[in-house]
Amino acid sequence: MNEAHSTAQNRPLARTSVNVFGRWWLLILTASMTLFFGLMQPNFLRANNLLGILSNACLAAIAGCGLTCVMATGEVDFSAGSAMTIAACTMSVLLDSRILNNYVGAMFVGILAATLMGAFNAFLHLTVGIPAFLATLSSSLVVKGIAYWITDGTTLYRVWDSDVYTYLGQHYLFGIFPMPFVVLVCVGAIILFLLEFTKLGKILFAIGSNQTACDYMGIQTKKYKLIAFIMSATMCGISGIIQASMSNGAGPNMAESYQLLAVMVTVMGGTFLKKGIFNVPGTLLAAVLVTLVTNGMIMMEASTWLKYTVEGLMMISSVIIVTLLRRQSERV
Amino acid sequence: MRKVENALSKQGHDCKKPETVGQWILCHFLLLVGLGLALLFYVLNPNVFSSFGITSILSTASIQGIIALGLMMELTTGNFDLSIGATAGFSAAVLGAIMANASPNWYIPAVFIALAAAVLVGLLNAFITVRIGVPAFVGTMAIRSLLSGAISFLTNNTIFYSNNWGETYKLLGQGKIRNVIPYCCLIFLVICVACYIFLEHTKTGRYIYATGANRSAAKNVGIPVVRMQVLSFAIGALLAGIGGILHSSRNFQTSVQMGIDLQLPAQICCLLGATYKTPGKYNVPGCVVGILLTTIITNGVYGTIGSSIYIKSLVEGLVFMTAIGIIATIRQEGLPKVKFDI
């Protein structure tokens with residue numbers, strides 16, 4: 001860990017530039033990418049395209065908000081995609097086979113399924129003792145299998161009255177605000193409040209900073225980690241319901257990319273404003289940036305390898321910046 | 001399980017020299033489970049391991065085993081590498097791309113170039129993990145995306161094959177000595193023995209184990225921790241490259257999906273192997289038994305229940321979960337706490 005300390009500490013220019021550029025790069029990049037894509041493809045800046053980007057970004061943003069809670073405790077959660085999938089698939093299967101004749105009820109059962117997955121992750125991590133990233137990797141595989149099983153491997157389209165089903169995904173509140181955005185504002189505000197202004201949030205960050213010290217101080221780290229995992233899975237469940245609503249259907253491989261995307265968005269958010277600490281505003285901004293770049297590349301008809309490469313570059317640079325920022329703040 | 005471990009160590013016996021039958025069963029239970037499951041599947045469906053199938057199954061198992069050994073080298077120094085499958089796929093894609101445009105005489109130099117590309121990836125992983133200090137599993141996950149991009153570029157984002165590849169391309173993957181023993185199995189055996197001798201009987205191997213067991217203690221004792229980690233990444237990537245080349249040679253194609261498919265069996269096998277003989281410590285015999293068990297389970301399950309996508313995901317996930325659950329409970333200190341803090 002100490003082998004690389006010579007990078008920033010002995011070179012003031014490097015330190016300042018990592019400090020300034022590293023903390024504001026998200027905003028700079030978002031603005032410049034918007035300009036870039038706007039210039040290359042004027043259709044990019046049209047209102048309905050931008051609103052579409054906003055709606056899509058809300059999926060990653062809501063999942064990222066939940067993940068921020070878990071990553072604040074220092075653990076990585078790779079089960080975002082599977083939680084989204086299981087929530088959407090459970091809801092759709094219940095509605096499709098008329099086991100439940102109530103949309104709201106089915107929605108709650110779907111979110112409950114995701115929450116159960118979060119509790120299972122917590123069980124694997126806290127009781128059995130598996131490191132969180134391995135536990136969530138394995139549980140995401142099992143849950144993906146369950147999702148395939150209950151949907152018989154097919155995508156279920158138009159399972160319910162379209163107006164009700166697509167309300168959360170495609171309706172515009174007061175004609176201008178997309179519903180996903182409204183949900184994001186409500187949910188994001190709650191998570192932001194919890195993380196920044198309540199004891200719960202402070203304890204989560206404390207656990208992430210030094211778990212042993214928390215144990216000695218008498219904080220029940222297991223209870224708080226359980227809460228964090230459950231919150232994360234519930235958020236991902238909500239995000240999955242909205243995704244199903246947006247595409248008017250649910251399938252077992254809808255949310256596969258979100259496994260990496262949610263983690264990436266949260267880590268990128270950690271480079272914003274604060275010194276390498278995960279936070280909600282950064283996550284939201286990162287979600288917008290990632291969706292913007294993806295949409296822009298689709299509009300420019302970029303090839304698939306370019307999409308993979310850009311995604312990898314964004315992830316690796318944000319991880320490196322978070323690492324360097326944190327190492328710096330330790331020297332202070 | 002913890003009580004048993006305690007009991008074993010209290011009596012001064014570790015799994016290298018079990019004395020009673022009970023202790024022997026505990027040390028080797030992975031092997032016994034494997035044989036038991038093989039018997040079970042055979043009873044359920046006598047055709048599941050037909051003699052044509054056996055060489056095919058062994059070939060696939062050998063290839064997965066080589067990649068698993070590569071992953072094991074990196075796990076032994078304490079780095080969980082999520083990009084080992086993608087490294088294998090990348091190496092195969094490089095070879096495929098070169099051979100599509102060159103005459104078959106260029107096969108051997110092309111293989112060297114592909115393996116060098118794999119080692120370069122390993123060194124990149126080492127740079128990010130060791131020099132910059134990014135936690136290995138996050139850094140390699142990002143590298144995995146980059147590698148997928150590179151593979152997608154080299155294969156034109158399709159299942160890539162070329163008529164220019166010729167017979168030499170197929171030789172290693174599909175050939176057999178005297179029509180009985182596949183080359184893949186031979187290569188796997190050679191690599192196994194080499195890894196075993198390297199890890200157990202050389203000074204560098206001991207240093208690698210020490211680095212993984214307790215990095216700061218090793219550093220304080222004077223072991224060149226950085227060099228050991230870089231070495232483990234390089235060797236791991238090299239083995240993954242070999243595995244990837246054999247896999248693409250066997251299936252006569254390269255694609256992005258290949259890299260994704262190769263990752264999980266390697267992980268499962270390594271983690272299962274850590275429960276064998278030396279509980280909690282990754283070892284080569286464990287890897288071999290692990291790959292046998294993984295192969296038996298997957299082929300047996302597919303043969304009896306059917307191989308739809310959900311069965312695959314469910315079975316792999318459950319086996320993975322059981323493996324790490326067992327290690328987490330067996331090891332006195334559990335699995336190393338890996339957190340995203342630096």
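The values are calculated or read from the model by the stated rules, or taken from the named source; none is laboratory data. Fair warning: this is a prediction, and the values are worked out from it, not measured in the lab. For neighbour counting, all protein chains shown are included, and Cβ atoms are generated from backbone atoms with ideal geometry for every residue, glycine included. Accessible surface areas use protein heavy atoms only, side chains included; no ligands, DNA or RNA. Shrake-Rupley method; radii C 1.70, N 1.55, O 1.52, S 1.80 Å.
Go through region B:122-142 and give me each residue that's assigned to a helix (DSSP H, G or I) and touching a Phe, Trp or Tyr at 6+ places or on another chain (Cβ under 6 Å). Before you say what the answer is, go through the steps one by one.
First, the residues of region B:122-142 that are assigned to a helix (DSSP H, G or I): B:122-132, B:136-142.
Correct list: B:Gly122, B:Asn125, B:Ala126, B:Ala136, B:Phe137.
The condition (being in a helix (DSSP H, G or I), of a type outside the set (A, V, I, L, M), away from chain A (no Cβ under 11 Å) and in contact (Cβ under 8 Å) with a residue 12 or more places away in the chain) is satisfied by just one residue among B:Gly78, B:Gly89: B:Gly89.
Are any residues in region B:201-254 assigned to a loop (DSSP other than H, G, I, E, B) and closer than 21 Å to B:Gly78 by Cβ, and if so, which ones? Show your work before the answer.
Applying the first criterion (assigned to a loop (DSSP other than H, G, I, E, B)) to region B:201-254 yields B:202, B:214, B:222-224, B:252-253.
Matches in region B:201-254: B:Thr202, B:Asn214, B:Gly222, B:Ile223, B:Pro224.
Counting the residues of region B:218-276 that are small (Gly, Ala, Ser) and under 29 Å from B:Thr329 (Cα atoms) gives 6.
Could you list, in sequence order, the residues of region A:291-312 that are in a helix (DSSP H, G or I) and within 18 Å of A:Leu45 (Cβ to Cβ)? Spell out how you get there, then give the answer.
Quick first cut of region A:291-312, residues in a helix (DSSP H, G or I) only: A:291-299, A:304-312.
If the condition is that a residue be in a helix (DSSP H, G or I) and within 18 Å of A:Leu45 (Cβ to Cβ), then A:Thr291, A:Leu292, A:Val293, A:Thr294, A:Asn295, A:Gly296, A:Met297, A:Ile298, A:Met299 are the ones that fit.
Only a single criterion out of (1) touching a helix residue (DSSP H, G or I) at 6+ places or on another chain (Cβ under 6 Å); (2) surrounded by fewer than 20 Cβ atoms within 10 Å (Cβ to Cβ) is not satisfied by B:Ser145, namely (2).
If we keep just the residues of region A:242-265 that are of a type outside the set (Val, Ile, Thr) and facing another protein chain (nearest Cβ under 10 Å), which is nearest to B:Met141 (Cα to Cα)? Steps first, please.
Here is the first cut: in region A:242-265, the residues of a type outside the set (Val, Ile, Thr) are A:243-262, A:264.
Among the residues that remain, those that are also facing another protein chain (nearest Cβ under 10 Å) are: A:252-253, A:259-260, A:264.
Working: A:Pro252: 22, A:Asn253: 20, A:Gln259: 11, A:Leu260: 8, A:Met264: 10 Å.
This residue is A:Leu260.
State whether one or more residues within region B:155-170 are touching a Lys or Arg at 6+ places or on another chain (Cβ under 6 Å) and away from chain A (no Cβ under 14 Å). No: region B:155-170 contains no residue that is touching a Lys or Arg at 6+ places or on another chain (Cβ under 6 Å) and away from chain A (no Cβ under 14 Å).
Scan region A:89-106 for residues that are buried (at least 24 other Cβ atoms within 10 Å of the Cβ) and closer than 15 Å to A:Val164 by Cα and the total you get is 3. Open to solvent by less than 10 Å² (accessible area, probe 1.4 Å) and either closer than 28 Å to B:Asn299 by Cα or more than 14 Å from chain A (Cβ to nearest Cβ) (or both): which single residue out of B:Ala117, B:Ala126, B:Ala38, B:Ala68 fits that description? On inspection, the qualifying residue turns out to be B:Ala68. A single member of A:Gly118, A:Gly175 is of a type outside the set (Val, Ile, Thr) and either part of a helix (DSSP H, G or I) or within 30 Å of B:Glu316 (Cβ to Cβ) (or both), and it is A:Gly118. For region A:147-165, the set of residues classified as open to solvent by 20 Å² or more (accessible area, probe 1.4 Å), more than 7 Å from every other protein chain (Cβ to nearest Cβ) and either assigned to a helix (DSSP H, G or I) or among the polar types (S, T, N, Q) (or both) consists of A:Ile150, A:Thr154, A:Thr155, A:Ser162, A:Asp163, A:Val164, listed by residue number. A:Ala262 meets all of the listed conditions (1) crowded, with 21+ Cβ neighbours inside 10 Å; (2) more than 22 Å from A:Gly52 (Cα to Cα) but one, namely (2). Taken together, A:Phe108, A:Phe133 contain a single residue that is part of a helix (DSSP H, G or I) and either free of Cβ contacts under 8 Å to residues at least 24 places away in the same chain or out of contact with any helix residue (DSSP H, G or I) (no Cβ under 7 Å at 6 or more places or on another chain) (or both), which is A:Phe108.
Scanning region A:284-332 for residues that are under 24 Å from B:Leu124 (Cβ atoms) and among the charged types (D, E, K, R), we see that the one that is surrounded by the most Cβ atoms within 10 Å (Cβ to Cβ) is A:Glu311.
Table: residues versus (1) within 25 Å of A:Phe193 (Cβ to Cβ); (2) more than 13 Å from chain B (Cβ to nearest Cβ); (3) out of contact with any strand residue (DSSP E or B) (no Cβ under 8 Å at 6 or more places or on another chain).
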residue: A:Val267; (1), (2), (3): yes, no, yes
residue: A:Phe272; (1), (2), (3): yes, yes, yes
residue: A:Met297; (1), (2), (3): no, no, yes
residue: A:Ala302; (1), (2), (3): no, no, yes
residue: A:Met314; (1), (2), (3): no, no, yes
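If you filter region B:183-222 down to residues that are basic (Lys, Arg) and surrounded by 13 or more Cβ atoms within 10 Å (Cβ to Cβ), you find that the one that is farthest from B:Gly286 (Cα to Cα) is B:Lys219. Restricting A:Val142, A:Val109 to residues that are within 11 Å of chain B (Cβ to nearest Cβ) and out of contact with any His (no Cβ under 7 Å at 6 or more places or on another chain) narrows the list to A:Val142.
A search for C-beta distances below 9 Å between a residue of region A:150-177 that is closer than 17 Å to A:Asp96 by Cβ and any residue that is β-branched (Val, Ile, Thr) and assigned to a loop (DSSP other than H, G, I, E, B), counting only pairs 6+ apart in sequence or on different chains, returns A:Tyr165/A:Val159.
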